[in-house]
Amino acid sequence: MKILLLYPRYPDTFWSFKHALKFVSKKASFPPLGLLTLAAMLPDGWQKKLVDLNIENLMDKDILAADYVFISAMAVQQKSAHECIDRCHALGKKVVAGGPYFTAEAETLKGIDHLLLGEVENSLAGFVRDLEEGKAAAVYPEKEKSDLTRTPIPLWKLVKSKEYSSMSLQYSRGCPFNCEFCDIVVLNGRVPRSKDRVQVLAELNALYQSGWRSGVFFVDDNFIGNKNKLKADILPAVIAWQKRKGYPFSFNTEVSINLADDDELLHLMVEAGFDTVFVGVETPNAESLAECSKHQNANRDMLVSIEKIQQAGIQVQGGFILGFDSDPASIFRAQINFIQQSGIVTAMVGLLNAPRGTRLWNRLKKEKRLLEDFRGDNTDCSLNFVPRMKTEVLINGYNRVLSAIYAPREYYQRVAVLISRYHPKPKGRVKPISAQRLRAFMRSVWHLGIVDNSRKYYWRLLGSTLIKNPKAFPLAVTLSIYGYHFRKVLERYTGCKFGQDTA
């Protein structure tokens, strides 16, 4: 059996880092981990080829050479996914679809030959058997949540790793919290399930043996969902592995803000090599936090919690939301002030949307406020429900927040705040500056230090970093490049113009 594993194209979004990747001569941030894991579960005798449209073009010969095409997608990839499916059907090939988008929208989708819904560890074997016997059904529902200790190492030999800026690893699925707008608990449940220590180390070894020596993203819904297991078993093992190998990897992941409450866990993550975490901050408005059941963020000084994580040596990226029913008219200024004070440089501010099946979606459906299905990108000014605030006021306020926090002066100010707090201890031997990093720096000098009209902020940041915190110089350059990407994306989606000096 010949299988084509097909990954649709991401649009140019906040998290695509498309414009930043050009500085390091990369085409995409991460490989398609789900398809690579699926590939490892398919029979060894089957021929498998991966085509990731984010790094290469799909050729007709790739489709024609396959017996079946397997495709997986997130909601934000739906346009490209359907274009791929139509193209495969036009060439007479059947499509097997799965992943978050196809699972969430299964009731609305038509014309797909086979749907594998939810987590496929428990259903794939039955589908493969039926496929080989010529009696595969149209839909294979999720039988039950998977035991991740049975999940194999992704088939990394299919990946063109030089085209990506980071590799990926999944340790756990599920989140113990139940935020109203979040579809994680719908897709992966509230009881965190995880791999064991042997598996995690085996996956790290597989990446190491493949020649990878850079960032690794733990793609977990909430990496610290089971803190006790991390502290007692997983992180000590990862620390020991990193020390043996000379710290070849740096890690980033997603966590809840209660990481700041556990000094031991925070220390262990830093020692293991974690240097960045994404936190769902959402809003500084207490009533909006209560509305969406974001209890882990309530009754705390979020600015203090964020600064504690930063001072430990971990950069905090943050998600922020506008459009809650409880948002007051002052929410836009409040978000701007909070973000600027927090030193969260990578601040993803989005409009509230309701993914299908979430508690928010069900509530809005009962209230007859739903408009359409979620497009998967909450930063493109789209809404799939009728907000309490006038839509025009909300959209204009949203654009005002983005134009404020990503204006060059304000953006570089946040980088400076982070740099003033960020003093990570070096781990392993000092690594020489790679040619890739040197090229990225020289390109940043040209684009941001010479061509860009806001170049004075770039030079001011680099100069002050060299004087006050020289070890953070590479981070200052990286975040300057990120700012270029964010401004490009926001110019496209919101019409904000960042080309002129805003001082």
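We did not get these values from a lab; they are worked out from the coordinates using the rules stated. Everything quoted here is computed from the prediction, not taken from an experiment. Here the Cβ is made from the backbone with ideal geometry for all residues, glycine too, and neighbour counts use every protein chain on show.
What is the set of long-range amide H partners of Glu254 at a cut-off below 5 Å, with H atoms built 1.01 Å from backbone N?
It is Asp220, Phe223, Phe278, by chain and number.
Tell me the Kirkwood radius of the stretch 399-499: reciprocal of the mean inverse pair distance over distinct alpha-carbon atoms, in Å.
That comes to 14.4 Å for the stretch 399-499.
Hey, can you rank 71-78, 362-369 by average C-beta count inside 10 Å, highest first?
71-78, 362-369
With only Lys, Arg, Asp and Glu charged, each at its Cβ (+1 for the first two, -1 for the last two), find how big the charge dipole of the stretch 1-112 is about the Cα centre; round to the nearest 20 debye.
For the stretch 1-112, the charge dipole is close to 260 debye.
If you place +1 on the Cβ of every Lys and Arg, -1 on the Cβ of every Asp and Glu, and leave all else neutral, what size is the dipole of the chain about its Cα centre, to the nearest 20 Debye?
Magnitude of the dipole: close to 1740 debye.
Along the positive direction of the dipole of the stretch 420-494 (beta-carbon charges: Lys, Arg +1; Asp, Glu -1; about the Cα centre), which of Ser420, Leu461, Leu479 reaches farthest?
Selected residue: Ser420.
Mind ordering 214-227, 86-99 by average Cβ neighbours within 10 Å, highest first?
214-227, 86-99
Order of Thr346, Thr391 from fewest to most other C-beta atoms within 10 Å?
Listed from fewest to most nearby Cβ atoms, that is Thr391, Thr346.
Where q = 0.07, 0.12, 0.13 Å⁻¹, what log10 of I(q)/I(0) comes from the Debye formula for the chain, counting one point per Cα?
Scattering profile of the chain, log10 relative to I(0): -0.38, -1.22, -1.45.
Express the C-alpha Rg of the stretch 2-140 as a ratio against the empirical globular expectation 2.2 N^0.38 Å, rounded to two decimals.
My calculation over the Cα atoms of the stretch 2-140 gives 1.04.
What Kirkwood radius, in Å to one decimal, follows from the Cα pairs of the stretch 316-437?
16.7 Å
Given the pairs Lys2/Lys160; Lys26/Lys245; Lys79/Lys145; Lys162/Lys471; Lys22/Lys79; Lys243/Lys425, which are separated by over 21 angstrom at their Cα positions?
Lys26/Lys245; Lys79/Lys145; Lys162/Lys471; Lys22/Lys79
Sorted by average packing, counted as other Cβ atoms within 10 angstrom per residue and highest first, what order do 469-482, 443-456 take?
Those peptides, ordered most packed to least, come out 469-482, 443-456.
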